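For reference, the structure is listed below as structure tokens.
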Amino acid sequence: MTTKLDLIIFIDDDFATNYLHERNAKLADCTKHVKIFSSALDALGYLKNTDSEDYIKPNIIFLDINMPIMNGWEFLEEYEKINISKHSDLLLVMLTTSLNPKDKAKADDWNIVSDYRNKPLLSEQLLKIVKDNFNEKNNS
């Protein structure tokens, strides 16, 4: 992959999972920046603050379902309220340890959810997601 993504965001309340995902994203070498949010509220704050000089528009958001204070479903409800142009060209992937088929079905009901994956996300899986969803756009 010649062109790197600008930003991949991981939203998960588990420190070890965030460490692993950040490490795997760096190993995959497919993005210029990785941002980790241990709170869905903090991630929403970042995504709403597009005027900040530190803001980078994400290409992919990996979102955990089960988190305290605001879970992944509540995040999606609030994220949908953000200006729809901010959603364009964004891949939102639910990333979870849940084996509940109802969670997968619920994720499928959301138009903004592009994919549903089990944790942990390995660097090879991340590269495949990037290749499948961004390679044509980056090479055109």
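Observations on the model:
- Computed magnitude of the charge dipole of the chain (debye, nearest 20; Cβ of K, R +1, Cβ of D, E -1): 380 debye
- Compactness relative to 2.2 N^0.38 Å, alpha carbon Rg of region 1-58: 1.16
- Candidate lysines - alpha carbon under 17 Å from Lys106, same-chain residues fewer than 8 apart omitted: none
- In percent, rounded to a whole number, the relative contact order of region 5-139 is 26, using alpha-carbon pairs under 8 Å and six or more apart.
- When each of Lys26/Lys128; Lys102/Lys131; Lys26/Lys131 is checked by Cα-Cα distance, pairs over 23 Å: Lys102/Lys131
- Length released on extending from Lys32 to Lys104, taking residue separation times 0.36 nm less the Cα-Cα span: 22.9 nm
- Inter-label distance, Asn66 to Lys48: 2.8 nm, where each label sits 7 Å from its Cα along the C-beta direction.
- Alpha-carbon gyration tensor eigenvalues x 5, square-rooted, for the chain, Å: 21, 18, 16
- Set of aspartates and glutamates near Lys104 by C-alpha distance (under 16 Å), chain-local residues within fewer than 8 positions excluded: Asp64, Glu74, Asp115
- The length gained by stretching the chain between Ser123 and Ile56 to full extension, at 0.36 nm per residue less their Cα-Cα distance, is 21.9 nm.
Any read-out appearing in this document is the output of simple, stated calculations on the displayed coordinates, not a laboratory observation. Here the structure is a predicted model, which means the values were calculated and not measured. We place every Cβ from the backbone using ideal geometry, glycine too, and count neighbours over all the protein chains shown.
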